[in-house]
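These notes concern the structure reproduced below.
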Amino acid sequence: MTVGEWLEWAKADALKRGLPDLVAPLEGLAQATERLRAADWNDSADHATPVDPGHAESRTLPGAK
Amino acid sequence: MTIADAAPRLAKGQLKSEKLTEECLSQIEALNPKLNAFITVTADAALTAARLADHDIAGGRYRGPLHGIPVSLKDLVDLKGIRTTAGSLVRASHVATDDAVVTSRLRDAGAVFVGKTNLHEFAFGTTTEDSGFGKAHHPVDQSRSPGGSSGGSAIAIATGMSLGTVGTDTGGSIRIPAAICGIVGLKPGWGEISASGVVPLSRQLDHVGPLAASVTDAWLQYNAMLPANRQTTGVPTAASLKGLRLGVPAGYLFDRLDADVERVVMSTIDTLRRAGAIVTEVAIPHATEMAAIYLHLVFGDAAEYHARTLLSRPQDYTPNVRLRLEMARYVLAEDYIRAVRGKAVIAHEVDRALDGLDALVLPALAIPAPPIGAATMPVKGGPEAVRALMLRCTQPFNLSGHPAISIPCGHAHGGLPIGLQLAGHHGQTPALVQAALAAERAIANAG
C-alpha cells in the first residue's frame, strides 16, 4: 500500500468512525511515514545483502561518518 | 534544601525526618492549589514513615542518604495501597496491590513517600496540560507549562514539595521538565532501572530515573534505584574539565533553537572549553529521521497498550490524548518495522559520535517554557510545533538508549530556566554523572 493509498483509507475510516478531528493529524503522520520510507537504511529485495546495524563494525552504514 | 544537605544532618540526629516531611507537606498544601503538581498526597502515611525513620536512625539503624528523605513518585509508578492514575480517568479507581520495583528499592533505602505527582496523561505528551486531573503550571510563570510528561515531579523539586522524585522518560519526559523548571533530570541507560510496576508508554523507549535539585541528588536517587548488587557507597567525584572530551552534535540538533537557548547553551559550551574541555563537532547523520522513527515506535507501542480501553471507555481519555491514540492505531506493521531498524541505525550513530569522547553536549530543550495552550513557538528558521520542539533534542537518546542528563545552565528573558544536556556511553552512567558534576561546578563558578 502506498502512503497515499493508506492516507485515503485512514481518513475515510476515521470519518466512518465519527472522528473527523483525526483527518488533519493523519496527514501529518503520512508525511512522517513518507520520510521513514525514503530513509536510506531501508532494504530492497533486489539490491545488496542487508547490513545489520548491530553488527556493522566492519561495514559502512548508510550515511555513517 | 537538597538531599545532600539533609542526609548528614539526619544521620547525626541534627534534623528530624518528621520536621522535613512536615515542611514538604506544608509546601504542597500552600502551592498545590496553584500549581497542581500532585494528584494524590499521602500525608498521614508519610508522617508515620518519617517518625519511624527518626526512630530507626536514633536507634543506630541508619540506612544511607535517602533515609528519612521526602520523595514523590510520578503517578504512573506503583505505590502499594495507593491509586496509580497515570494522569487519566481511565485508571482513576486503580489501586496498586504492590510497589513498583523502583518504589520498593527507594522504600528499602528509607525514603518517605509524600505523594504521587501529576503528569501528561499516560505520559503521552510533553506539557502536562492534558491530564485527567487538570493541567499543571510552571512555578515561575503560571501561564506557562512546566514541561512533561513528568511535569508534577519537576514542580515538586523546584518548589521544595519533595526533595527527591521519580520520573519516566520515553522521548525526554525527565529531561524536558527538568530543563524547563531549572532542575536536574537524569535518564539512565535503557534497562538500567527496572520499569516493572510502571505504566508503560513504549516499553522499548521507556526509562525510569530521578529528577533532583542537583547532580549529586540525582546520583543519590539513581544509585538507590539500582539493584542492590550494583549500588555503590558515596558520591562520584567530579571529572576534571581539563582534557574532558566533549562532542557537539552540530546540525539538526542545533538548527531550530530559541534565540535565548542558543545564546545561553553556546556560552555554556564556551565556559566548559575555557575551563579546559576539548570540544569538537560530531555528526549523527540520520538525525533528521529521528522524529519519524520515534513517532512510529511510540504510536505502535501505545496503540497496543490502549487498544482495549480506547474501545471500552474512550470518553475517559482527555480529548487530545485520545485523538493521538486513535491516530496511533493507523500505523502499519511495515512502517513500524522500518522504525525499529531506524532505531538501531541511530543507536549505532550515537555510538560512533561518542567514539573517543567522554560525552556529547547539546541543549536539553530547544525552547524555554511554552505558554499553556501554545501550538507553535518562534525559533530560528520560523515557527515550529511545540511538541516537535520539545522532543527534538532529547529523543535521540531514547532511540539509542544512551544515558543522558539535563542540568540548569542559565535563563531566558523573563527568568525562565534553560537546560544543558550531556549524553554518555552505554553502561557508563557514573562517568556521565562525573562529567555533569564538573559542568555543574563550572556553570556555578561562571555565574
Considering (1) under 30 Å from residue B:248 (Cα atoms); (2) surrounded by fewer than 20 Cβ atoms within 10 Å (Cβ to Cβ); (3) of a type in the set (S, T, N, Q), say which one residue B:400 fails and leave the rest.
(2)
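What do you reckon, is residue B:351 in a helix (DSSP H, G or I) and either of a type in the set (S, T, N, Q) or in contact with a Lys or Arg (Cβ under 8 Å, 6 or more places away or on another chain) (or both)? Show your work before the answer.
Numbers: in a helix (DSSP H, G or I): yes; either of a type in the set (S, T, N, Q) or in contact with a Lys or Arg (Cβ under 8 Å, 6 or more places away or on another chain) (or both): no.
Spelling it out, it is not the case that residue B:351 is in a helix (DSSP H, G or I) and either of a type in the set (S, T, N, Q) or in contact with a Lys or Arg (Cβ under 8 Å, 6 or more places away or on another chain) (or both).
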Among the helices (runs of 4 or more DSSP H) lying completely within the range B:126-241, list those that include at least 2 residues that are among the hydroxyl-bearing types (Ser, Thr, Tyr).
B:151-159, B:215-225
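Out of curiosity, is residue B:350 β-branched (Val, Ile, Thr) and facing chain A (nearest Cβ under 9 Å)?
Judged against the criteria, residue B:350 is not a match.
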The lone condition residue B:283 fails out of (1) surrounded by fewer than 18 Cβ atoms within 10 Å (Cβ to Cβ); (2) in contact with a strand residue (DSSP E or B) (Cβ under 6 Å, 6 or more places away or on another chain); (3) aliphatic (A, V, I, L, M) is (2)
Scanning the range B:410-433 residue by residue, the ones that are out of contact with any Asp or Glu (no Cβ under 9 Å at 6 or more places or on another chain), buried (at least 21 other Cβ atoms within 10 Å of the Cβ) and assigned to a helix (DSSP H, G or I) total 1
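Could you pull out the residue among B:110, B:189, B:167 that is open to solvent by less than 20 Å² (accessible area, probe 1.4 Å) and farther than 24 Å from residue B:41 by Cβ?
Numbers: B:110 fails: farther than 24 Å from residue B:41 by Cβ; B:167 fails: farther than 24 Å from residue B:41 by Cβ.
Every option except B:189 fails the conditions.
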Considering the range B:246-285 alone, what residues qualify as being within 14 Å of chain A (Cβ to nearest Cβ), at negative phi and not hydrophobic (A, V, I, L, M, F, W, C)?
B:247, B:249, B:252, B:280, B:281, B:285
Can you find, within the range B:314-333, the residue that is surrounded by the most Cβ atoms within 10 Å (Cβ to Cβ) among those that are more than 27 Å from the chain's Cα centre (by Cα) and facing another protein chain (nearest Cβ under 9 Å)?
B:331
Being at the interface with chain B (Cβ under 9 Å from one of its Cβ atoms) and crowded, with 18+ Cβ neighbours inside 10 Å is the filter here, so list the residues in the range A:20-34 that pass it.
A:22, A:26, A:29, A:32, A:33
With more than 14 Å from chain A (Cβ to nearest Cβ), more than 18 Å from the chain's Cα centre (by Cα) and crowded, with 17+ Cβ neighbours inside 10 Å as the only criterion, which of B:372, B:367 stands out?
B:372
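Can you tell me which residues in the range B:192-212 are under 12 Å from the mean Cα position of the chain (by Cα) and either among the β-branched types (Val, Ile, Thr) or surrounded by fewer than 24 Cβ atoms within 10 Å (Cβ to Cβ) (or both)?
Step one: of the range B:192-212, the residues under 12 Å from the mean Cα position of the chain (by Cα) are B:206-212.
Selection gives B:206, B:208.
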Among the residues of the range B:87-103, write down those that are in contact (Cβ under 8 Å) with a residue 40 or more places away in the chain and polar (S, T, N, Q).
B:88, B:103
Residue B:128 passes all but one of (1) among the polar types (S, T, N, Q); (2) more than 30 Å from residue B:62 (Cβ to Cβ); (3) open to solvent by 10 Å² or more (accessible area, probe 1.4 Å); which number fails?
(3)
Does residue B:292 count as assigned to a helix (DSSP H, G or I), modelled with pLDDT of 95 or more and away from chain A (no Cβ under 11 Å)?
no
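The values are calculated or read from the model by the stated rules, or taken from the named source; none is laboratory data. Every value quoted in this text rests on a predicted model; they were computed, and no experiment measured them. For neighbour counting, all protein chains shown are included, and Cβ atoms are generated from backbone atoms with ideal geometry for every residue, glycine included. Protein only, heavy atoms only, side chains kept; ligands, DNA and RNA dropped before computing areas. Shrake-Rupley method; radii C 1.70, N 1.55, O 1.52, S 1.80 Å.
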